[in-house]
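The values are calculated or read from the model by the stated rules, or taken from the named source; none is laboratory data. No experiment lies behind these values; they were computed from the predicted model shown. Backbone-built Cβ (ideal geometry, glycine too); neighbour counts: all protein chains shown.
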Ligand code: APR
């Protein structure tokens, strides 16, 4: 049986929901309040830059008032205590994983609210203020800054690194994402194709639940710490040579000869 060592965790808006950051597709979510075509495409930025910049300025200001929740802290605990590699691939543009304590192995595939992208010099300065007044780039002085977020129709960042991590994963875990947006939604398939065990932690069944070996439904602030406790308990018992799974049920994955989650 394959040893469970490398873990890749894909996170989405659901992990930050309990911190007070709107998800995109829930009822009342961000894409019910704003049309994607108006604020989240390169064409929208050309057509009405003020609308787009105002939208991201508000979001950038809002996330700075939010705090990480128990799920973010739990992932940091896992990253610090797990003996193998832990890679957190996030679709979120907030910085709650960082503030929750994930120090390395974090990939922002859809960019970051707290950076601006200068389309003149390709620099990505840290940015906490507003962009609506079209400030000069601190690196090259051009007035060509835009939010450093990946809009619809643009290619997500760091795909080579993400694919390498997913190909090497023994366990792929998806947390708080609807599975509506590619290429993120397809990563579970790639992981499975390489023999990884797959687990989904989400408030409700997602569009991709059928693709996972196991789905656990509930709030991230409850499910994620409980799962991390299981994983760290397992690592501890494996290190000490004691069985870690006494009294727990055999998962569907284990029946198929994959590592138990
Ligand atoms: N705990 C766990 N899951 C939750 C919670 C919670 N407290 N609250 C909501 N969820 C789940 C929802 O049930 C939903 O399945 O999180 C998921 C959020 O889905 P989306 O709003 O579609 O967000 P996400 O999957 O991150 O969107 C992907 O779409 O518009 C783009 O670029 C944007 O990165 C984003 C991408």
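The single condition from (1) closer than 20 Å to residue 59 by Cα; (2) more than 16 Å from the ligand (Cβ to nearest atom) that residue 164 fails is (1).
Filter the stretch 29-56 down to residues that are more than 21 Å from the chain's Cα centre (by Cα) and in a loop (DSSP other than H, G, I, E, B) and give me whichever is farthest from the ligand (Cβ to nearest atom). For the stretch 29-56, the residue satisfying everything is 48. Return only the number of the condition from (1) in contact with a strand residue (DSSP E or B) (Cβ under 7 Å, 6 or more places away or on another chain); (2) over 19 Å from residue 165 (Cα atoms) that residue 218 does not satisfy. Answer for residue 218: the failing condition is (1). Here residue 169 fits the description: under 24 Å from residue 77 (Cβ atoms) and in a loop (DSSP other than H, G, I, E, B). Residues in the stretch 57-71 that are closer than 22 Å to residue 134 by Cα and part of a loop (DSSP other than H, G, I, E, B): 1 in all.
The condition (being in a strand (DSSP E or B), surrounded by fewer than 21 Cβ atoms within 10 Å (Cβ to Cβ) and touching a strand residue (DSSP E or B) at 6+ places or on another chain (Cβ under 8 Å)) is satisfied by just one residue among 146, 134, 128: 146.
Scanning the stretch 194-233 for residues that are over 21 Å from residue 15 (Cβ atoms) and touching a residue at least 24 places away in the same chain (Cβ under 8 Å) turns up 194, 195. The listed residues are 74, 80, and the only one of them that is away from the ligand (no atom under 13 Å from the Cβ), more than 19 Å from residue 150 (Cα to Cα), part of a helix (DSSP H, G or I) and assigned by TED's automatic domain parsing to the domain that holds residue 167 turns out to be 80.
Per this entry, residue 15 is not counted among residues that are modelled with pLDDT of 90 or more and away from the ligand (no atom under 11 Å from the Cβ). Would you mind stating whether residue 91 is in contact with a strand residue (DSSP E or B) (Cβ under 8 Å, 6 or more places away or on another chain) and within 13 Å of the ligand (Cβ to nearest atom)? Against the criterion (in contact with a strand residue (DSSP E or B) (Cβ under 8 Å, 6 or more places away or on another chain) and within 13 Å of the ligand (Cβ to nearest atom)), residue 91 qualifies. Scanning the stretch 178-193 for residues that are in contact (Cβ under 8 Å) with a residue 12 or more places away in the chain and away from the ligand (no atom under 13 Å from the Cβ) yields 189, 190, 191, 192.
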